[in-house]
Amino acid sequence: MKLPLNYLAFIIPVFFIFLLLEYKMAKRKKKEHYFKHESSVANVSIGIAERLINLFVTAGFYQVFDWIYTNYAIVHIPGSWWVWIILMLATDFLWYWYHRLGHEINFLWAAHIVHHQSEEFSAGT
């Protein structure tokens, strides 16, 4: 079985390049106070931890999903290009509502508020 290409792996170096550019621009404009070293270290650390956690969670979910799909599938999803587009749109739709409800429902906000803890964000946004 061929695994799909992980495009996120290609974006990570770009993220570090932009982080460096942001720092260089702030330094060049003599506005180093705009660049928060602590926030950058925290964001990179959280990103690494999140990727590692997702690796294990995804592997676990994939095994469970594959077993359920193999043994109990009511319909089989074809691997056509149009199916992937529909699934991407459906995933985006669900993610939008998950994020929006994370702002509107107190229980979900308790898990989501970490996303807004930087000094640059308002907790109500």
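The values are calculated or read from the model by the stated rules, or taken from the named source; none is laboratory data. For clarity, every value in this text was computed on a predicted model and none was experimentally measured. For neighbour counting, all protein chains shown are included, and Cβ atoms are generated from backbone atoms with ideal geometry for every residue, glycine included. When the accessible area is computed, the model is the full protein with side chains, heavy atoms only, and any ligands, DNA or RNA have been set aside. Shrake-Rupley method; radii C 1.70, N 1.55, O 1.52, S 1.80 Å.
For the chain, set up a Gaussian network in which alpha carbons nearer than 10 Å are linked by springs, and say which option among Asn43, Asn71, Asn106 fluctuates the most. Between Asn43, Asn71, Asn106, it is Asn71 that shows the largest mean-square fluctuation. The overall shape of region 1-51 is oblate: from the C-alpha gyration tensor, with semi-axes ordered a ≥ b ≥ c, the ratio a/c is 1.5 or greater and a/b is no larger than b/c. In the chain, the longest principal axis of the Cα atoms and the axis of helix 81-104 are about 50 degrees apart.
Placing R0 at 41 angstrom, the Cβ-Cβ distance between Val83 and Val41 gives a FRET efficiency of 0.50 after rounding to 0.05. The residues of the chain present an accessible area of 91 Å² per residue when probed at 1.4 Å with all protein chains retained.
Note on Tyr69/Ile105: beta-carbon distance plugged into 1/(1 + (r/R0)^6) with R0 of 35 Å gives a FRET efficiency of 0.70.
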